[in-house]
Structures are given as structure tokens and as C-alpha cells.
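First comes the structure, then the notes that go with it.
Readers should treat all values here as calculations from the given coordinates under stated rules, not as data from a laboratory. Just so you know, these numbers come straight off a predicted model, no measurement behind them. Here the Cβ positions follow ideal geometry from the backbone for every residue, glycine too, while neighbour counts run over all protein chains shown.
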Amino acid sequence: MGVIDKLGVGIGWRAEIDLTVERLPGVDFVEVVAENLHVEHLPESIVLLRERGVPVLPHAVSLSLGSADPVDLHRVEHLGAVAEALGAPLVSDHVCFVRAGGLDSGHLMPVPRTRDALDVLVANVRMAQANLPVPLALENIAALLEWPDGELTEGQFLAELCERTDCWLLLDVANLHANARNLGTDPNRFLDEIPLERLAYVHVAGGVENDGVYHDTHAHAVRPEVLELLGELRSRVDPPGVLLERDDNYPSDSELASELAAIRAVLARHG
Amino acid sequence: MTEGPRERLAQAQSELLAALLAGGPPPTGFDERLLRVEARSLLAKRRGIVAMLNPEMVDELGDRFRPLFDEYALTHPRTSGSRAREDAAAFATWAGERGEISDMAATPSRRLGRLKSAVRPRFFRRRGTSSPGAEKMVTDLPTRPRGVGEQEAT
């Protein structure tokens, strides 16, 4: 496999649930939002987890690598510095753009699945990779809208991105469910098309459906359809890691523990 | 004039964000219903972050917060490189200039927040509460969502 041998099952570390994350049984690894960390002032909870030998993987949300704007190397350098401070084996961000025309969307926006957009993304990813001390994994996002005139499926787009940049994939099965529900993406075809051997790890998260639109909130329980997709993935490949993301409306420790247990159960059942 | 992929993409992405964030015309070929869904979602997330950063102001505005913020947001889209805290402060100033809030609420809460974090030990840290559209935040480098900055306040 190379970069990532085995991560296990993990949870997104957030300051609001730091004690929970420290206490939860069976947390094999955690992820931190890189923009929220200052290398000089790592939270004591993160330091504790590192002392225990728990891998802490930096996850970025602001590189905007799908943007037509030039890559902001200041952000890339910060991500790399966080990775070095944490001794992380890899870092990640998303296949998306955040900034364009002087505006900031405040959220991850889909890129057009065109040759033009892929060329720009590939160039940006290479620029980021050249300035990072560890490998880069890129995540599929949940989109609420679709660009017109797409030339590639999402799976084809990601496959070509991996082939041309040697990046790794961070596969979010909740985002895949969101795009299947909202945009009609075929999840099986998606899983057929992506290079599973480039899988770094997997995200699982909760969401809610309002007026026929699935919202990837990270503030609700993980839905059965998302666990089914995890099972479908597991029947094809043994992912190095699977990580639960919860960002708001935090439930009790026991509820988080049971969501982790449900993930383990799916992996075992389909293994 | 010859245009490369980057220039074409820049144009398309700019038009999309202008439509979603600043009331620009819908770009050709998009589903207009989905554009509205996306615009509402982005606005809700931005509103939620500002509400988290200045709860005193939100309390004072009550039911007026949402319509006022939405009016502000449309005419003040976030610019590249801006920070969530700057957005919250700019909205407070805007609302203050219109006489919607008192001076106390218009000059948030940094002092108050620091005071709180200084006296609240780690074990009693407040759990997160629900807020609309609060998916994983896109913050800018020195910006930290609620909780994080409190913990490591310098």
C-alpha cells in the first residue's frame, strides 16, 4: 500500500468533544481541521493523543485547489507545518473551489467536470504537492448543484486526477450518498470508476433530508443508506481507515461510541 | 484574444459565485431551483457562523437578526481572504450604523469571550449546540470556530 498501511476506525477531533474523543474506546486515529490549529499552540488534547501514539491527520478546507485562482502557498505551507508538527503520514483537502472572482463562498463548491477544470485542478494539485512534506489525499464533496456541460462522470474525473497527480483519495461515502440523492450520481458506477488502490481512508458522516434534498450536516446521526454504501465499498476493498465526522449538535458519548461500533460492524459484516 | 483553461474557468467560477452570493444573474445552463437551494444553504451557513461569533448581538436582535443579516449578506458578500470574525464585526458595524443594535453589541465580544475562557476550566467547557447549516467550517487561517479559540486563547 505504501503511505498508509492501516489506520483503523477513527473520529474527527473537535475542540467541543476533545474529552469525549480522548475517552472513547476504540479510536484508532483522529483527524483535525488544519486551519484551526496553530503549530505553536497545539491543543493539549491533541498533544495527549499524539503521546499515546494515536495518528492525527490534518484535514484542510481552504486550499481551494479546484479554483482558477493561483494556489495560495501560504495555506499550503501552513498545512505542511501542521503535518510536521503532528508527525502525520499524509494530509488532505477537497476536490472543490472556495474562492473565485474576489469572493469567498464560505463552503466547498463543486468544480465543473470538464477537461478545462481538470487541467487547472491537476496543475494546482501538483503545485500543492511540490510544497508539502507528505502525500496529499483529496476528498469528493457533497454538491447541491451541478455544473452544465460535464464531460466526465465524477468517478472518471477523480480517477483521472489520481492518475495524473498520484494523489490519494479520501472517499466520503456520505458525500457520495448526497450526490446520489441530490444529483443522481450512480454510486456503484462511481465505485467502479475510482482507483480503489489509491484509497487513503474513508469519511462517514450524518445528515438530514429536507424537502427532498439531502443535507450533509455532520450534525445528525449517520443514515442507514450511508452505512450501506460503506458496506458496498468494503465488499470491494479493505479501506485503510474509516473516520466518523461530527461537527455540531454533539450527541452523548455513548451515541458517538455506538456510531463507531456501527461502522465496525459494517466493515466486519462485509469483509 | 486567446483564453486558456484557467481563464475560462475563472470566468465561470466568478459568475457562479456572483449569482450565489451577490445576487448576480443565474449563469447559463444551471438548474435555477438548485441555484436557489445552494444560495440559501451558503447564506444559512454564513449566518450561523456569525451568530456563533457574536451571540450577544443575536440575542439583542432577536427575530430581526435573520432578515437583517440576509439583507447585509447580499450587499456584502465575503471577499477572498476575509475572515469569519471580520464578517461578524462588519455586520455588527453595519447594524449599529442603522441604529439596530446598541454600541455594546456592536463591539463584540472578544473581551467577553476571553474573560469567559479564562475562568472556565477545561472540564466545564460547553458542548456545541445545534445551529443551522453548520457543516464543517471553511475558515481562514487565523480564524477559529467557537471552542477552538477559547481553548488556546493566548
Nearest-20 debye value, the range A:9-112 charge dipole, Cβ charges on Lys, Arg, Asp, Glu: 200 debye
Long-range HN-HN contacts of A:GLU209 with modeled amide H, under 5 Å: A:HIS215
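Taking beta carbons within 10 Å but only from partner chains, what does the mean come to for residues B:15-25?
4
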Rough spin-label spacing in nm, given labels placed 7 Å along Cα→Cβ, for A:GLU197 and B:ASP59: 5.9 nm
Among A:ASN124, A:GLY80, A:PRO187 - extreme Cα towards positive end, dipole of the protein assembly as shown, charges at beta-carbon: A:GLY80
Percent of Cα-Cα distances greater than 34 Å, calculated over chain A: 12 percent
Backbone HN-Hα couplings from phi across the range A:9-18 [Karplus 6.51/-1.76/1.60, Hz, Gly and Pro as x]: 10, x, 9, x, 6, 10, 4, 5, 10, 4
Shape parameters for the range A:174-245, alpha-carbon atoms, Rg then Dmax in Å: 12.1, 37
Dipole of the protein assembly as shown [Lys/Arg +1, Asp/Glu -1 at C-beta], most positive-end residue of B:LEU35, B:SER82, B:MET57: B:MET57
Neighbouring partner chain Cβ atoms per residue of B:29-37, average, 10 Å criterion: 4
The protein assembly as shown, helix-only ellipticity at 222 nm - DSSP H runs n ≥ 4, -39,500 (n - 2.57), divided by all residues, nearest 500: -14000 deg cm²/dmol
GNM top mover of A:PRO55, A:PRO112, A:PRO224 - chain A, alpha-carbon springs below 10 Å: A:PRO224
Span-rule helices in chain A, defined as complete DSSP H runs reaching 18 Å or more along the axis (Cα) with Kyte mean at least 0.0: A:73-86, A:115-130, A:253-269
Cα-centre dipole for chain A with unit charges at Cβ (Lys and Arg positive, Asp and Glu negative), debye to 20: 520 debye
Mean Cβ count within 10 Å, highest first, over the residues of peptides A:199-207, A:118-126, B:24-32, A:67-75: A:199-207, A:118-126, A:67-75, B:24-32
Amide hydrogen neighbours beyond the local backbone of A:LEU103, cut-off 5 Å, H modeled: B:SER80
Ratio of the Cα radius of gyration of the range A:1-114 to 2.2 N^0.38 Å, where N counts its residues: 1.16
For B:PRO5, net neighbour charge (Lys/Arg +1, Asp/Glu -1) across residues whose Cβ lies under 10 Å away: -1
Exposure proxy ranking, count of Cβ atoms within 10 Å, fewest first, for A:ASP104, A:ASP28, A:ASP5: A:ASP5, A:ASP28, A:ASP104
Amide proton proximity set for A:TRP168, modelled H, under 5 Å, gap of 5+: A:LEU136, A:ALA137, A:LEU138
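If you count, for each residue, the other Cβ atoms within 10 Å and average over each peptide, how do A:8-14, A:30-36 line up from highest to lowest? Could the numbers behind the result be given before it?
On the way: A:8-14: 23.1, A:30-36: 25.1.
Sorting A:8-14, A:30-36 by mean packing, highest first, produces A:30-36, A:8-14.
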